[in-house]
Amino acid sequence: MLAVCVDVPGGPENLRVGTVPKPQPKDGEVLIKVHATALNRADTLQRRGLYPPPPGESNILGLEVAGTVAVAGPGVRGSWEPEERVMALLCGGGYAEYVAVPEELLLPVPPGLTLCQAAAIPEAWLTAFQLLHLVAEVKAGEVVLVHAGASGVGTAAVQLARLAGAVPVVTAGSAQKVETAVELGAAAGFHHSQGDFADGVMSFTGGHGADVILDCVGGTMWEKNVRCLAVDGRWVLYGTLGGKAVHGDLLGDLLKKRGRLLTSLLRSRSLQYKANLVKAFSQQALPFFTDPHQPALKPVIDSVFDLQDIGEAHKHMEANRNKGKIVVRVIPQNHGGE
């Protein structure tokens, strides 16, 4: 099968499409014919040699796919039918024509969505759902500050926070990105390069602050995060795009707020944890994608690239130009990739 290969870690130019052995489904796995995958920041880190897959998982990039069932492997208990439209959360292997997935990590594609739209759901939406509900335990009426509010996870978190009855506010890197988040339901947004978002959050909340902060930035924003964190608030760190080093009195400032610093990664979680997450998401969120006319939830697609242009897709992500997800079409459009 065709797959994206990284022979030498480095820049986007090191990505190439080559031929590799087609995976065979193991016990309890389903083989998916991949129509589309989507980019995640973890892919760019792995390409550079900074984020290897968990032991025993595929070295091929790609943490989510949408496609059709090719074959159910031995021991599969669900009624997954050939050609059934599915999407899946992966530990790796998505940048390829086929991928084998434990059946617990499969989800049906909601009616009315294309396979390109579906490819934008698993990693971003399950991450956002996990952060809000399993980690932060968000409650109705709480203010949720979402950094990178126009990213894949950010656009999902804004919508899921609204669905939970919370009040999302965002930061983003441009006025256009702030506007995108507001159109999705953010109650307020702040361009973090213009002005102090902490002042904006405190003003918006009348001095209360954010009950929950979803933070993929880390080091460069810690002081502002603590300053606008509500008393007894939860600061959820799930990335360090702004650096890992912290200089200053973090512990003292956090202690004054009685704040909780929670950290979370999804890729390294156990299969059972992910299975429980997929089940909860399927019950509590997936039904809200089903109305093709006015869905309460919708994946946000920034752009669609063909597999042969995977390097350009990575360049686009690393330039921070995208609003929503960058999708990669594995099957060309005239062969049903949409």
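The values are calculated or read from the model by the stated rules, or taken from the named source; none is laboratory data. Note that this is a predicted model, so its numbers are computed, not measured. Every residue, glycine among them, receives a Cβ derived from its backbone with ideal geometry; neighbour counts consider all protein chains shown. Just the protein is used for accessible areas: all its heavy atoms, side chains included, with ligands, DNA and RNA removed. Shrake-Rupley method; radii C 1.70, N 1.55, O 1.52, S 1.80 Å.
Annotations for the structure displayed:
- When L241 is tested against (1) in contact with a strand residue (DSSP E or B) (Cβ under 9 Å, 6 or more places away or on another chain); (2) more than 24 Å from K139 (Cβ to Cβ), just one condition goes unmet, and that condition is (1).
- Considering only residues in the range 261-293 that are touching a Phe, Trp or Tyr at 6+ places or on another chain (Cβ under 8 Å) and surrounded by fewer than 14 Cβ atoms within 10 Å (Cβ to Cβ), the one that is farthest from A156 (Cα to Cα) turns out to be T263.
- Residue ranges of strands (runs of 3 or more DSSP E) in the range 175-255 with at least 2 members in contact (Cβ under 8 Å) with a residue 24 or more places away in the chain, under 20 Å from V153 (Cα atoms) and not hydrophobic (A, V, I, L, M, F, W, C): 210-215
- Residues of the range 97-116 satisfying the condition of being out of contact with any helix residue (DSSP H, G or I) (no Cβ under 9 Å at 6 or more places or on another chain) and open to solvent by 30 Å² or more (accessible area, probe 1.4 Å): Y98, T114
- Residue in the range 1-39 that is most open to solvent (accessible area, probe 1.4 Å), counting only those that are of a type in the set (D, E, K, R) and assigned to a strand (DSSP E or B): R16
- For the range 322-332, the criterion of a residue being polar (S, T, N, Q), open to solvent by less than 60 Å² (accessible area, probe 1.4 Å) and touching a helix residue (DSSP H, G or I) at 6+ places or on another chain (Cβ under 9 Å) is satisfied by at least one position.
- The residue that is farthest from the chain's Cα centre (by Cα), among those in the range 198-223 that are at pLDDT below 95 and within 18 Å of D253 (Cα to Cα), is E223.
- Filter result (without any contact (Cβ under 8 Å) to a residue 24 or more places away in the chain and touching a strand residue (DSSP E or B) at 6+ places or on another chain (Cβ under 9 Å)) within the range 266-315: D309
- Any hit, the range 97-120, residues being modelled with pLDDT of 95 or more and under 24 Å from D215 (Cα atoms): yes
- E137 being surrounded by fewer than 18 Cβ atoms within 10 Å (Cβ to Cβ) and part of a loop (DSSP other than H, G, I, E, B): yes
- Count - residues of the range 40-72 that are part of a loop (DSSP other than H, G, I, E, B) and open to solvent by 10 Å² or more (accessible area, probe 1.4 Å): 14
- The residues of the range 73-89 that are closer than 15 Å to P122 by Cβ and either open to solvent by less than 10 Å² (accessible area, probe 1.4 Å) or of a type in the set (F, W, Y) (or both), listed by number, are V86, M87, A88, L89.
- Set G233, G218, G195: member being surrounded by 17 or more Cβ atoms within 10 Å (Cβ to Cβ) and over 21 Å from K139 (Cβ atoms): G218
- Any hit, the range 294-317, residues being more than 22 Å from A161 (Cβ to Cβ), surrounded by fewer than 20 Cβ atoms within 10 Å (Cβ to Cβ), among the acidic types (D, E) and touching a Phe, Trp or Tyr at 6+ places or on another chain (Cβ under 8 Å): yes
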